[in-house]
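Report on the following structure.
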Amino acid sequence: MAMASVPALERHRGIRVGASRAGGALRRVGTFVAVLAALCGLWEGYKWLWEWAGWTWPFTVDDVTMPHLHDILAAFAEPTTTGGPVLIDSLLHAAWFTAKEALAGFVLGALIGFGLAVVLAHSRLLERGLLPYIVASQTVPILAIAPMVVVGLGSKGLEGWKAVAILAAYLTFFPVAINALRGLHSVDARALELMNSYAASRWKVLWRLRVPASLPFIFTALKISATASVIGAIIGETPASIQDGLGGAIVNFNQYYSLQPTFLWATNIVAAGLGISIFALVALTERVVLRRAPENVA
Amino acid sequence: MSVPGRVVSISGLTKSFKTGVTALQEIDLDIRPGEFVSLIGPSGCGKSTLLRIVGDLVQPTSGTVLVNGKTAHRARLDHDYGIVFQDSVLYDWRTVSRNVSLPLEMLGWSRARRKERVREMLELVELTGFESNRPWQLSGGMQQRVSIARALSFDPALLLMDEPFGALDEMTRERLNMELLRIWEKAASTIVFVTHSIPEAVFLSTRVVVMSARPGRIADVVAVDLPQPRGAETREQPRFFELVTAVREALAAGGRGQPAPTLPAGTEERY
């Protein structure tokens, strides 16, 4: 009866899932395009309405405060300086530089966060003692410590981008530590008893039970950290006067905003694109890893 | 100290909690190889706690527990226990086969040996063909059979089962009862089985240990002399009903024996 029909049922469902997957992807792309178009329409509609009515609240709308989208897109092809490279060229270079910092910081921060969580999960005393300071670390404005870290480590001979990566790690490790800790604690009491009945070592309990059980929590944290690492990198560059990244570009174009507002907007788009890319990378990894978790923990 | 011919030898066992509640008092119980012993009693009589003390998952306050002549702790380190809980406790990130092979990985078996044993175990619990399914794709009864396969995979000396079929519907439960008896005979294992169900205890066991609550004591032990092998017709024999009645009366007598003191909320079934 029910038992025998289960595999057939699963197979049947599997086929239907497979068939609907292509349709699902199409629908998602469609939704994405529709939302993007709606946002663009909202921008242009708002601009048109405010300019037409002459409203000045909350701010006066003109081509400086809200440039046309097509002007922003056109700016990508304009040279940044007379005879210099076009904007998209220099922005992609800057984005690559910042991506390097963000990714290095992201990986470093994730490892530190995970390591901390493992240590804290095994010691109630350390958890109670250290957790408040870990939380406090995130209340220190990164703008305040950025010059100290970059200049301080720079004087020890560390390259600027590496120092910025450390700043990105500073923002990244926190969500990972907190979520991983929660995940490591989330293990079912029965599952622990089961491992105990096998006389499993703490190490085995960690890798065969606690870590796999905490992966959904960890990936949630990694998604938060993915975007935070880009913010950390950009903010790290700014007070440290590092010119090669998106932070430098933002500071630079900010100064010329009244003359060339489209350049700053274009930079924002690239920065957002970078954050989204790293997020997408994590989301993709999650789909692969969470499906194959057993192979990864064996 | 060791009693020959005893898989489990419990004497003078008492368990009190920090709250002052005595969960188990002066328990003496011997279990011989190949026995199927059920622990039955009202909620809060400490039967699950007793099972966990035998399995060295909970420490007794006083008294001794010997398993195959060793301390319960030594027996746990020697992988003498297979445990099945009320919920199957399968890892949903592992396939059915890899759930069954989990204890074998702990014991450091080679891949080839694991594979062969998993195949045998899934055959035993009649789940061949479900190797690469995920636990959540199976029905509750099938999940519990995976859990039993996992518990038996490394040939433990003692199988401890804590209301393994309590969460299943009556029909699945009766079918799994039959299967468990078949597995018990085939694997020639010794089983300690905690249950709430009188007919289940009588149908499965060679002995039913009736416990009373607050403090948990052994009120009576009913030897079940129903012929082996048992089947659907066993449940229709007059002797089956006599034994069910005997257990029910022992439970009632045990319940009358002691006035139930009021417990602080939430202490029931804790350990």
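Every number in this text was worked out from the coordinates using simple rules, so none of it is lab data. Everything quoted here is computed from the prediction, not taken from an experiment. Here the Cβ positions follow ideal geometry from the backbone for every residue, glycine too, while neighbour counts run over all protein chains shown.
What order do you get for B:148-156, B:184-192 when each peptide is scored by the mean count of other beta carbon atoms within 10 Å, highest first? Let's see the in-between values first.
Details: B:148-156: 22.9, B:184-192: 18.7.
Those peptides, ordered most packed to least, come out B:148-156, B:184-192.
Quick one: which of A:K100/A:K223; A:K156/A:K223; A:K47/A:K100; A:K162/A:K223 span more than 26 angstrom between C-alpha atoms? Mind dumping the intermediate values first?
Values: A:K100/A:K223 17 Å; A:K156/A:K223 33 Å; A:K47/A:K100 36 Å; A:K162/A:K223 22 Å.
Violating the 26 Å limit, Cα to Cα: A:K156/A:K223; A:K47/A:K100.
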Select from chain B the helices, each a whole stretch of DSSP H, whose alpha-carbon atoms run 27 Å or more along the helix axis and whose Kyte-Doolittle mean is at least -1.0; answer none if there are none.
B:238-257
Straight-line reach only, C-alpha to C-alpha below 28 angstrom: list the lysines that B:K115 could link to, leaving out same-chain residues fewer than 8 apart.
A:K204, B:K186
With Cα atoms, 0 to 90° folded angle of helix A:246-255 axis to chain A main axis:
30 degrees
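How would you rank B:V7, A:V289, going from fewest to most other Cβ atoms within 10 Å of each one's own Cβ?
Fewest-to-most Cβ neighbours within 10 Å comes out as A:V289, B:V7.
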Summing -39500 (n - 2.57) over the DSSP H runs of n ≥ 4 in chain B and dividing by its residue number, what mean residue ellipticity at 222 nm do you reach, to the nearest 500 deg cm²/dmol?
-10500 deg cm²/dmol
Sorted on mean Cβ neighbours within 10 Å (highest first), peptides A:163-176, A:268-281 come out as A:163-176, A:268-281
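What's the average, rounded to a whole number, of partner chain beta-carbon atoms within 10 Å of each residue's beta-carbon in B:92-103?
Rounded to a whole number, the mean comes out at 4.
Would you compute, from DSSP H runs of 4+ residues alone, the mean residue ellipticity of chain A at 222 nm, taking -39500 (n - 2.57) per run and dividing by the full residue count, rounded to the nearest 500?
Values: 12 runs with 235 residues, N = 298.
Computed ellipticity for chain A at 222 nm equals -27000 deg cm²/dmol.
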Candidate aspartates and glutamates for bridging to B:K70, where Cα separation is under 12 Å - those fewer than 8 sequence places away on the same chain excluded
B:D56, B:D78, B:D80
Separation of alpha-carbon centers, region B:53-102 and region B:1-50, rounded to whole Å:
15 Å
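Looking at chain B only, what percent of DSSP beta bridges run antiparallel? Nearest 5 please. Mind showing how you got there, number by number?
Values: 19 of 38 bridges.
Around 50 percent of the beta bridges assigned by DSSP in chain B are antiparallel ones.
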The protein assembly as shown: antiparallel bridges as % of DSSP beta bridges, rounded to 5, reads 50 percent
Given a Förster distance of 45 Å, report the FRET efficiency between A:V35 and A:T82 from their Cβ-Cβ distance, rounded to the nearest 0.05.
0.70
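How much FRET efficiency would the formula 1/(1 + (r/R0)^6) give for B:H73 and A:L284, where r is the Cβ-Cβ distance and R0 is 45 Å, rounded to 0.05? Mind showing how you got there, number by number?
Working: r = 47 Å, r/R0 = 1.04.
So the FRET efficiency works out to roughly 0.45.
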Once you average over the residues of B:77-84, how many Cβ atoms of partner chains fall within 10 Å of each Cβ?
3
